[in-house]
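The values are calculated or read from the model by the stated rules, or taken from the named source; none is laboratory data. A quick note: this is a predicted structure, and the numbers were derived from the prediction, not measured. Don't worry about glycine lacking a Cβ; one is built from the backbone with ideal geometry, like all the others, and counts go over all protein chains shown.
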Amino acid sequence: MGALAPEIWVAVRLTIELAALTTLLLLVLGTPLAWWLARSGAWWKELVAAVVALPLVLPPTVLGFYLLVALGPSGPGGLIAGFWGERTLAFTFEGLVIGSVLYSMPFVVQPIRNAFEAVGERPLEVAATLRASPARAFWTVAVPLARPGFLTAAVLGFAHTVGEFGVVLMIGGNIPGETKVLSVAIYDYVELMQWREANILAGGMVVFALTVILAMTMIERRMARPGA
Amino acid sequence: MRLRTSLAAAFGLLAAILAGGPASAGQTKIAVAANFTDAANEIATAFKAKTGHEAVLSFGSSGQLYTQITQAAPFEIFLSADAARPKKAVEEGFAVAESRFTYAIGKLVLWSKDGALVTGEATLKDGKFAKLAIADPKAAPYGAAAIETMQALGVHDQIQPKLVQGSSITQTYQFIDTGNAELGFVALAQVVGQDAGSRWLVPQELYAPIKQDAVLLKTGAENEAAGAFLAFLKSPEALAIIERYGYAHGDQS
């Protein structure tokens, strides 16, 4: 492995940073959203859920295309970038984070929502009769009970961001250390017929994906065990 | 009844498609370098009108298409954006040696949607822009030519941090067209039809000529339609289209 080009390690590191930051943001943003989806009686909540789920069905090119326009100088991204004197959020790490948050959102929101729904009304009602404030009931009852959902969400959100390709290719501009993530690096190696590098990276991804899926199964098993 | 008429028309069309055109008409699958997209579409239309054969076009960067060809993609003709890959295709036994020829010579242009930004090589030297888009120099010849040009002008190192790469020349154009990059190096063929924006046709002495070679792949050696397409590509009719899209052709260089 020592003979691997340093650029590969740059890509590996970048990918991990992107996935970690995206997962963190998604947990912060996704939890209130999932809570609302699980408990609200609003008639239009399923519409919101459907919008969140869109990236599951849409090809990444659709999201990539909209993002390319939205991040650019004539969209909101260009407006934001203007604050620090840039013209666009495309071709930046920040731009990739925005894209990844949208793209991986259903993988985080859905498991958390399911977990909250599984907790149900009853434990929270009990907490209320014990004079716990809603906020306290949320943190000390609902969140701990929904823990498997959070774990699943974090693992899936991270893994799905690592596996992202189409969106990154379309808005990234292939800049080493900034937007050239692993999946794009593999694409490049294949295109240049550097099979050895492509093989090593692709093999690594397979091992990673397998580990993730196994870990998920273990988490679910352990959580399902009574008393855990 | 309108509906009934249009239904009948639709079924008629369907029947025509299923039955195919004239009995002799064939089909050939062609891998086309992204910069040649518009010209190739027009040539395919003219080809169909003239011979009845259908050319089915697939677009991509030359590197991407070549990789697919080595992995037994069903293409029968390869219109590359360079001379090296068709040559390699022959050497590695994927293509028919004597079929190789230069169908077009590409021109590199520095282009911006901003009507005042590109004035000439001074634009590169002043460097008053945040992002300059090029095609991946390793996979796309127009990207390599862009690097050569910047090196010849001695501005490459200063522009390097501002470079963004499209995976093909089409994507590079997209980056500029959406305004995400203010300017970039694209193929003249991509901007030849538009008057808006500003451009600088890069002088030929700054980069090696982008000879775009075509080659018949072994998969198409027996296909009459494939042979007919290559012949058509050399015809005055096709050459006129190629020239109109901003390329020089083989005999002009």
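Quick one: would you say A:Val212 is touching a residue at least 40 places away in the same chain (Cβ under 8 Å), over 19 Å from B:Ala140 (Cβ atoms) and in contact with a helix residue (DSSP H, G or I) (Cβ under 8 Å, 6 or more places away or on another chain)? Answer is yes for this residue. Residues of the range A:167-182 include none that is of a type in the set (Ser, Thr, Tyr), under 25 Å from B:Arg85 (Cα atoms) and surrounded by 13 or more Cβ atoms within 10 Å (Cβ to Cβ). Quick check on the range A:64-73. Is at least one of its residues more than 30 Å from A:Trp139 (Cβ to Cβ), modelled with pLDDT under 95, surrounded by 14 or more Cβ atoms within 10 Å (Cβ to Cβ) and more than 22 Å from the chain's Cα centre (by Cα)? Checked against the condition, which is being more than 30 Å from A:Trp139 (Cβ to Cβ), modelled with pLDDT under 95, surrounded by 14 or more Cβ atoms within 10 Å (Cβ to Cβ) and more than 22 Å from the chain's Cα centre (by Cα), the range A:64-73 yields at least one hit.
Taking the range B:186-222 as the range and being in contact with a Gly (Cβ under 8 Å, 6 or more places away or on another chain) and hydrophobic (A, V, I, L, M, F, W, C) as the test, the residues that pass are B:Ala187, B:Leu188, B:Ala189, B:Val191, B:Val192, B:Ala196, B:Trp200, B:Ile210, B:Leu216.
Within the bounds of the range A:97-119, is there any residue that is surrounded by 14 or more Cβ atoms within 10 Å (Cβ to Cβ) and within 14 Å of chain B (Cβ to nearest Cβ)? Can you show your working first?
Here is the first cut: in the range A:97-119, the ones surrounded by 14 or more Cβ atoms within 10 Å (Cβ to Cβ) are A:97-117, A:119.
From the residues that got through so far, the ones that are within 14 Å of chain B (Cβ to nearest Cβ) too are A:98-99.
Among the residues of the range A:97-119, at least one is surrounded by 14 or more Cβ atoms within 10 Å (Cβ to Cβ) and within 14 Å of chain B (Cβ to nearest Cβ), which makes the answer yes.
Residues in the range B:136-192 that are within 8 Å of chain A (Cβ to nearest Cβ) and in a helix (DSSP H, G or I) were compared, and the one that is nearest to the chain's Cα centre (by Cα) is B:Gln171. Tallying residues that are over 12 Å from the mean Cα position of the chain (by Cα) and small (Gly, Ala, Ser) within the range A:146-177 yields 6.
Residue-wise test of (1) of a type outside the set (Ser, Thr, Tyr); (2) under 24 Å from A:Ala154 (Cα atoms).
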residue: A:Tyr189; (1), (2): no, no
residue: A:Gln194; (1), (2): yes, no
residue: A:Ile213; (1), (2): yes, yes
residue: A:Met218; (1), (2): yes, yes
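Return yes when A:Glu191 is more than 10 Å from chain B (Cβ to nearest Cβ) and buried (at least 22 other Cβ atoms within 10 Å of the Cβ) and no when it is not. Taking the combined requirement at face value, the residue does not satisfy it. Remark: pairs (first residue in the range A:38-58, within 20 Å of A:Gly166 (Cα to Cα); second residue assigned to a helix (DSSP H, G or I) and among the aromatic types (Phe, Trp, Tyr); Cβ separation under 6 Å; 6+ apart in sequence or on different chains) = A:Pro55/A:Tyr103.
Taken together, the criteria exclude A:Ala135 from residues that are away from chain B (no Cβ under 12 Å) and touching a Phe, Trp or Tyr at 6+ places or on another chain (Cβ under 7 Å). The residues in the range A:75-89 that are under 22 Å from A:Tyr103 (Cα atoms) and either crowded, with 18+ Cβ neighbours inside 10 Å or within 11 Å of chain B (Cβ to nearest Cβ) (or both) can be counted, and the count is 6. For the criterion of being in contact (Cβ under 8 Å) with a residue 40 or more places away in the chain and more than 14 Å from chain B (Cβ to nearest Cβ), A:Val207 fails. Among the candidates B:Ala231, B:Ala248, the residue that is of a type outside the set (Val, Ile, Thr) and modelled with pLDDT of 95 or more is uniquely B:Ala231. Pairs meeting the criteria (first residue in the range B:198-222 and under 28 Å from B:Asp177 (Cα atoms) and in contact (Cβ under 8 Å) with a residue 40 or more places away in the chain, second residue part of a helix (DSSP H, G or I) and among the small types (Gly, Ala, Ser), beta carbons under 6 Å, at least 6 apart or on different chains) are B:Leu206/B:Ala152; B:Tyr207/B:Ala145; B:Ile210/B:Ala145. With respect to the conditions (1) closer than 17 Å to A:Phe107 by Cα; (2) surrounded by fewer than 17 Cβ atoms within 10 Å (Cβ to Cβ), A:Asn199 falls short on a single one, namely (1). Filtering the range B:64-82 to residues that are surrounded by fewer than 18 Cβ atoms within 10 Å (Cβ to Cβ) and either under 23 Å from B:Ile105 (Cα atoms) or touching a His at 6+ places or on another chain (Cβ under 9 Å) (or both) leaves nothing. Put simply, of B:Ile169, B:Ile147 the only residue that is assigned by TED's automatic domain parsing to the domain that holds B:Ala116 and either of a type in the set (D, E, K, R) or touching a Pro at 6+ places or on another chain (Cβ under 6 Å) (or both) is B:Ile147.
Considering the range A:178-188, the residues that are more than 10 Å from chain B (Cβ to nearest Cβ) and more than 17 Å from the chain's Cα centre (by Cα) include one that is farthest from B:Lys162 (Cα to Cα), namely A:Ile186. If you filter the range A:37-73 down to residues that are over 27 Å from A:Leu96 (Cβ atoms) and assigned to a helix (DSSP H, G or I), you find that the one that is farthest from the other protein chains (Cβ to nearest Cβ) is A:Arg39.
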